[in-house]
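A.B. asks: Have a look at this one before I ask anything.
The values are calculated or read from the model by the stated rules, or taken from the named source; none is laboratory data. For clarity, every value in this text was computed on a predicted model and none was experimentally measured. Glycine also receives a Cβ, built like all others from the backbone with ideal geometry; neighbour counts cover every protein chain displayed.
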Amino acid sequence: MQIAKDAVVEFHYTVFEGDTQLESSKDSSPLAYLHGHEGMLPGLENALDGKAADEKFSVELEAKDAYGPRHDNAVQRIPLKHLQGAKVWKPGMTAVVHTDQGQRQVTIIKVGRFNADCDLNHPFAGKDLTFNIEVVSVREATSEELSHGHVHGAGGCGH
């Protein structure tokens, strides 16, 4: 089956900025998403369109097609109790914050007693990236996945 709208796609990725590896899914479960439902970087989703299981390829994305440009004024003071991912925070660490739009990664800039100044840009914002992709599986989405607009794991989605 080829990747097309309403397909559930699982893939592994390794992302590079130039020759520097930034992140990889190779040591964990593959990433799964519902194709054509805005759950993936648009440039990456376009590159995956028409591919099939077991295909391997690379795609280069300019910053505007990946995580967008960096915004120098995207700094916000966030209470420490809302930061997830560690018990003790230090500048340079990445935290997860729950927002009205879902989870968001932030980078700690400065830590105070009760709050942290956080960079709201995605850590890869402003970077031209190369993704090495290995498509693991492609299948038709279930009617429940289509109605919810996202992929469900083996035990369902829990909502």
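A.B. asks: Could you tell me which numbered condition G92 fails, if it satisfies all but one of (1) of a type outside the set (A, V, I, L, M); (2) out of contact with any Cys (no Cβ under 7 Å at 6 or more places or on another chain); (3) not in a loop (DSSP other than H, G, I, E, B)?
C.D. replies: (3)
A.B. asks: Search the stretch 111-147 for residues being farther than 21 Å from Y33 by Cβ and among the aliphatic types (A, V, I, L, M), and hand back the single one that is modelled with the lowest pLDDT.
C.D. replies: It comes out as L120.
Conditions tested, residue by residue: (1) in contact (Cβ under 8 Å) with a residue 24 or more places away in the chain; (2) within 15 Å of R139 (Cα to Cα).
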site	(1), (2)
V9	yes, yes
D27	no, no
G50	yes, yes
D65	yes, no
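For every residue, the table says whether it meets (1) of a type in the set (S, T, Y); (2) assigned by TED's automatic domain parsing to the domain that holds E140; (3) over 19 Å from the mean Cα position of the chain (by Cα).
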| residue | (1), (2), (3) |
| --- | --- |
| E23 | no, yes, no |
| E38 | no, yes, no |
| K51 | no, yes, yes |
| V97 | no, no, no |
| T107 | yes, no, no |
